[in-house]
Amino acid sequence: MLVLSKPTIEQYSDIRNCIPSTLCSGIPLIDLSKPDSGHLIVKACEEFGFFKVINHGVPMEFITNLEAKAVRFFSLPLSEKEKAGPAAPLGYGNKSIGLNGDIGWVEYLLLTTNPDASSQSFLSVFGENQEKFRSALNDYVSAVRKMGCEILEQMADGLKLQPRNVFSKLLMDKQSDSVFRLNHYPPCPELQALNDTNMIGFGEHTDPQIISLLRSNNTSGLQISLRDGSWISVPPDQNSFFINVGDSLQVMTNGRFQSVRHRVLANSMKSRVSMIYFGGPPLSEKIAPLPSLMKGERSLYKEFTWFEYKKTAFNLRLADNRLVNFERIIAS
Ligand code: OGA
Ligand code: NI
């Protein structure tokens with residue numbers, strides 16, 4: 001089934017009026033090889049909740065190796081792929097995202113980042129290539145997690161937080177509830193016939209975890225929402241990573257950073273493959289503003305654990321603002 005969304009005229013002209021070379025200009029760029037990028041990361045998180053990272057240190061070989069395996073998996077017949085599904089919540093999913101009726105022009109594989117083999121028995125669909133897939137996944141995830149920790153530590157420096165691993169320790173924790181997602185957006189040739197219509201690949205949402213680390217092939221489609229509600233296209237760059245602030249980081253900074261709303265539009269010609277590491281805390285972790293960031297302010301949020309947040313999110317639609325359920329009503 002096709003999901004057609006007619007954007008408002010304003011939105012659509014925003015997309016159209018962007019000259020390709022200026023599309024990127026608004027997106028902050030962080031060179032991770034510069035050890036003092038903390039203040040730039042903080043600025044990007046305050047203004048966009050989103051930035052692009054170069055010199056990220058993730059070996060290209062790990063990226064191309066895992067991507068090749070993902071492409072091979074997605075090219076299997078549907079009946080084969082469905083043996084790794086349904087995504088409940090881990091496993092293979094097709095068009096349907098979550099359990100509450102969201103659909104998009106996408107298929108995906110949702111995995112834990114735990115190298116423990118038994119938790120993803122559905123990967124037996126890879127047959128004799130299962131071990132090769134696991135090892136490519138582990139290489140990639142370890143390198144990307146390391147990059148994520150470097151970003152979070154430079155971010156802590158930029159916020160003048162001590163110790164500098166306040167955020168990164170949550171990703172390094174053995175109990176960290178981080179997940180990994182492979183998304184495949186097949187080309188949708190029908191789109192060309194449907195003038196002035198966008199088709200949703202992945203509907204608008206914010207990511208619930210602390211930080212999301214996205215790498216895609218060179219196919220466009222990703223868009224982020226700016227503070228004024230307008231959408232801008234993110235030019236793809238297969239050599240870089242794109243970083244999203246998640247809801248949990250918004251809470252930990254008491255709203256100083258905001259999780260970025262984003263979506264993916266389907267492409268009529270080329271398929272898009274993206275790989276996303278969602279860095280999350282342990283399930284029992286209390287998510288609350290860091291006292292050193294409060295400077296006498298009150299917390300904007302009720303206290304909750306990551307488990308409670310996930311449970312609530314599970315019952316909501318993709319586009320819902322999940323955090324409103326946890327906001328504190330402050331009497332004026
Ligand atoms: C996601 C997401 C973007 C993409 O999976 O949460 O935003 O490019 N994906 O696949
Ligand atoms: Ni997302």
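The values are calculated or read from the model by the stated rules, or taken from the named source; none is laboratory data. All values derive from a computational prediction rather than experimental measurement. As a convention, Cβ positions derive from the backbone with ideal geometry for all residues, glycine included, and neighbour counts pool all protein chains shown.
Some points to look at:
- Contacts under 6 angstrom Cβ, first residue in the stretch 198-226 being closer than 12 Å to Arg272 by Cβ and within 9 Å of ligand 1 (Cβ to nearest atom), partner among the aliphatic types (A, V, I, L, M) and not in a strand (DSSP E or B), 6 or more apart: Gly201/Ala266; Leu222/Val234
- Filter result for Asp247 (within 17 Å of the chain's Cα centre (by Cα), acidic (Asp, Glu) and within 14 Å of ligand 2 (Cβ to nearest atom)): yes
- Test: Leu300 is surrounded by fewer than 20 Cβ atoms within 10 Å (Cβ to Cβ), within 16 Å of ligand 1 (Cβ to nearest atom) and either at pLDDT 95 or above or under 30 Å from Thr197 (Cα atoms) (or both): no
- Residue in the stretch 298-319 that is closer than 30 Å to Phe73 by Cα, touching a helix residue (DSSP H, G or I) at 6+ places or on another chain (Cβ under 9 Å), assigned to a strand (DSSP E or B) and within 16 Å of ligand 2 (Cβ to nearest atom) present: no
- Selection status of Gln130, out of contact with any strand residue (DSSP E or B) (no Cβ under 6 Å at 6 or more places or on another chain) and within 21 Å of Gly246 (Cα to Cα): no
- The condition of being touching a residue at least 24 places away in the same chain (Cβ under 8 Å) and either within 16 Å of ligand 2 (Cβ to nearest atom) or in contact with a helix residue (DSSP H, G or I) (Cβ under 7 Å, 6 or more places away or on another chain) (or both) holds for only one of Lys83, Lys95, that being Lys83.
- The selection criterion, being crowded, with 21+ Cβ neighbours inside 10 Å and either assigned to a loop (DSSP other than H, G, I, E, B) or within 11 Å of the chain's Cα centre (by Cα) (or both), does not hold for Met269.
- A search for C-beta distances below 6 Å between a residue of the stretch 113-134 that is more than 18 Å from Glu80 (Cα to Cα) and any residue that is part of a helix (DSSP H, G or I) and aliphatic (A, V, I, L, M), counting only pairs 6+ apart in sequence or on different chains, returns Thr113/Val141.
- Here the condition is being aliphatic (A, V, I, L, M), closer than 29 Å to Gly101 by Cα and surrounded by 14 or more Cβ atoms within 10 Å (Cβ to Cβ); of Ala313, Ala319, it holds for Ala313 alone.
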